[in-house]
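Novice: Pasting in a structure now, in structure tokens, and then I'll have a few things to ask.
The values are calculated or read from the model by the stated rules, or taken from the named source; none is laboratory data. Keep in mind the model is a prediction, meaning the values are calculated, not measured. Quick reminder, even Gly has a Cβ in these numbers, built from the backbone with ideal geometry, and neighbours come from all protein chains shown.
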Amino acid sequence: MGNLSDFIRNFFKNKGHFVFGSLLIAKICGFIGSVAIIRLLPENDFGLISIVASLSAIFLAFSGFGSQQILLRYGSISKTTEEKNKLSSYLLKYGFYYQLVLSLIFLLSSFFYLDKFEKVIILFLAFSVRLIGFFFYNHIQSQLRINGKNKEFAKLNNVVNVFGLVATLVLTYFMGLIGYLLAITIMPFIALFWFKTIDFSKKTTLPGLSKKEIWKYGFFTAGTAVLGDALFSLDIILMGFLMTESAVADYKTAILIPANLTFIALTFMQSDFPELARNHKDKKYLKYYISNYYKIFIPLCLVLFILFYFLKDFIVTMIFGERYQGIETSFLILTAAFLLNMILRNLYGNLLSAVGKMAYNTIISGAALIILLGSAIFLVPKFGVEGMAIAQSLTLFITGLLLMGGFLSYYRKLS
């Protein structure tokens with residue numbers, strides 16, 4: 001089926017590098033924007049934004065009840081352009097109705113905070129509108145990708161994220177909190193310039209697909225995303241209960257760089273997701289993909305680990321400052337864990353998503369929370385920050401093996 005050079009050549013031929021590059025730009029814009037609002041807004045405003053944004057992230061994972069993920073997966077395996085368009089129209093129409101319900105529920109949740117924060121209703125209103133904008137943005141992204149328009153996808157992503165960053169910097173600088181809210185609300189709606197008109201009054205039908213099957217897939221995809229995010233919040237929460245604020249800061253600092261290393265693998269696989277979905281029953285292709293993925297990422301992970309091993313003292317001191325000296329062991333443990341995560345959990349979790357086995361993904365994501373909770377309660381009181389690093393590492397490793405086992409079970413059943 002081809003060697004590594006063919007694998008890489010196909011990646012560029014399908015314009016996967018445009019997807020990879022645009023996701024990298026989005027990551028950079030998000031980081032710069034986060035640092036900027038920390039510096040430009042008062043501490044109490046930033047704290048309030050953090051609370052509302054954290055809750056918004058949960059609703060964002062359920063955007064359109066998973067309609068965009070459904071479109072990306074089932075649109076990729078649709079054989080004709082007409083089938084793709086019918087599926088897109090159906091999901092846009094019903095996903096939008098579901099999104100209105102989600103945004104309303106999100107807005108109503110502001111009542112739990114009304115007695116604590118004066119400005120909270122304004123923030124919830126802005127973020128609820130933003131959720132609707134992201135529904136359209138994500139739908140258009142999926143629409144472009146299932147039609148192989150990776151270059152156009154990258155252009156859309158770059159325009160929205162760069163515009164969002166510039167608008168955030170300028171409006172926040174001149175207008176403070178209101179300017180920030182205007183910027184983040186407007187940002188996703190820029191995607192509507194790529195929008196093709198859909199007649200919502202027209203009856204939409206599914207091209208030979210089961211409604212129950214596709215919405216079940218969307219629900220489990222959204223559930224997996226929420227549980228995955230919870231995994232990287234639970235460790236901080238547990239540290240807050242089991243250790244001091246200083247220990248929480250040490251752990252948060254130690255995990256910052258290692259956790260972001262997986263971005264390399266995630267963006268790479270996201271670039272290939274439509275191709276993986278189209279070939280989800282092709283045993284030879286799946287074997288070919290895994291083999292070549294390992295040829296790229298095993299050497300890359302080894303090189304990164306060696307570099308971080310020898311430069312750990314320099315990295316901690318230079319980037320985080322001398323006050324964080326002493327976290328080097330935790331930093332190295334977490335680096336090894338997240339690099340191994342690229343080899344196991346990222347790979348097989350995305351493969352299971354591509355072949356339609358999202359329910360298993362969700363179950364393992366739920367199990368990860370239980371594993372982390374149990375191991376942290378045992379290890380953190382004895383070993384402190386290093387104990388949490390070990391607990392998180394064990395969780396990632398065990399769930400990685402379980403995901404690999406789930407995919408191999410599916411793989412062996414293919415003819």
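Novice: Could we say that Tyr360 is over 26 Å from Asp250 (Cα atoms), in contact with a Phe, Trp or Tyr (Cβ under 9 Å, 6 or more places away or on another chain) and not charged (D, E, K, R) here? So that I can check it myself, show each step before the final result.
Specialist: Working: over 26 Å from Asp250 (Cα atoms): yes; in contact with a Phe, Trp or Tyr (Cβ under 9 Å, 6 or more places away or on another chain): yes; not charged (D, E, K, R): yes.
Spelling it out, Tyr360 is indeed over 26 Å from Asp250 (Cα atoms), in contact with a Phe, Trp or Tyr (Cβ under 9 Å, 6 or more places away or on another chain) and not charged (D, E, K, R).
Novice: Going through Ile51, Ile105, Ile58 one at a time, which residue ends up being within 28 Å of Ser271 (Cα to Cα) and either outside the structural domain of Ile237 (by TED's automatic domain parsing) or surrounded by fewer than 16 Cβ atoms within 10 Å (Cβ to Cβ) (or both)?
Specialist: On the way: Ile51 fails: within 28 Å of Ser271 (Cα to Cα); Ile105 fails: within 28 Å of Ser271 (Cα to Cα).
Exactly one residue qualifies, and that residue is Ile58.
Novice: Return the residues of the stretch 58-116 that are over 26 Å from Thr362 (Cβ atoms) and hydroxyl-bearing (Ser, Thr, Tyr); say none if nothing qualifies.
Specialist: Across the stretch 58-116, the qualifying residues are Thr80, Thr81, Ser89, Ser110, Tyr113.
Novice: Next question, about the same structure. With respect to Ile264, determine if the residue is over 15 Å from the mean Cα position of the chain (by Cα) and outside the structural domain of Arg145 (by TED's automatic domain parsing). Can you show your working first?
Specialist: Details: over 15 Å from the mean Cα position of the chain (by Cα): no; outside the structural domain of Arg145 (by TED's automatic domain parsing): yes.
For Ile264, the condition - over 15 Å from the mean Cα position of the chain (by Cα) and outside the structural domain of Arg145 (by TED's automatic domain parsing) - is not met.
Novice: Would you confirm, using the coordinates I've provided, whether Tyr97 is surrounded by fewer than 16 Cβ atoms within 10 Å (Cβ to Cβ), of a type outside the set (Val, Ile, Thr) and at pLDDT 90 or above?
Specialist: On the way: surrounded by fewer than 16 Cβ atoms within 10 Å (Cβ to Cβ): yes; of a type outside the set (Val, Ile, Thr): yes; at pLDDT 90 or above: yes.
Yes: the conditions hold for Tyr97.
Novice: Modelled with pLDDT of 90 or more and surrounded by fewer than 20 Cβ atoms within 10 Å (Cβ to Cβ): is that true of Lys155 in this structure? It would help to see each step written out before you state the result.
Specialist: Details: modelled with pLDDT of 90 or more: yes; surrounded by fewer than 20 Cβ atoms within 10 Å (Cβ to Cβ): yes.
When the stated conditions are applied, Lys155 passes them.
Novice: Which residue pairs have Cβ atoms under 9 Å apart, sit 6 or more places apart or on different chains, and have a first residue in the stretch 320-333 that is within 12 Å of Tyr251 (Cβ to Cβ) and part of a helix (DSSP H, G or I) and a second that is of a type in the set (D, E, K, R) and modelled with pLDDT under 85?
Specialist: Tyr324/Asp250; Ser330/Asp250
Novice: Can you find even one residue in the stretch 328-339 that is within 30 Å of Phe219 (Cβ to Cβ), under 18 Å from the mean Cα position of the chain (by Cα) and surrounded by 20 or more Cβ atoms within 10 Å (Cβ to Cβ)? Working first, answer last.
Specialist: Of the stretch 328-339, the ones within 30 Å of Phe219 (Cβ to Cβ) are 337-338.
Next cut, under 18 Å from the mean Cα position of the chain (by Cα) only: 338.
Keeping just the survivors that are surrounded by 20 or more Cβ atoms within 10 Å (Cβ to Cβ) gives 338.
Yes, because at least one residue in the stretch 328-339 is within 30 Å of Phe219 (Cβ to Cβ), under 18 Å from the mean Cα position of the chain (by Cα) and surrounded by 20 or more Cβ atoms within 10 Å (Cβ to Cβ).
Novice: Being in a helix (DSSP H, G or I) and of a type in the set (A, V, I, L, M) is the filter here, so list the residues in the stretch 394-415 that pass it. Spell out the reasoning first.
Specialist: Restricting attention to the stretch 394-415, the residues satisfying the condition of being in a helix (DSSP H, G or I) are 394-413.
Of everything in the stretch 394-415, those that are in a helix (DSSP H, G or I) and of a type in the set (A, V, I, L, M) turn out to be Leu394, Leu396, Ile398, Leu401, Leu402, Leu403, Met404, Leu408.
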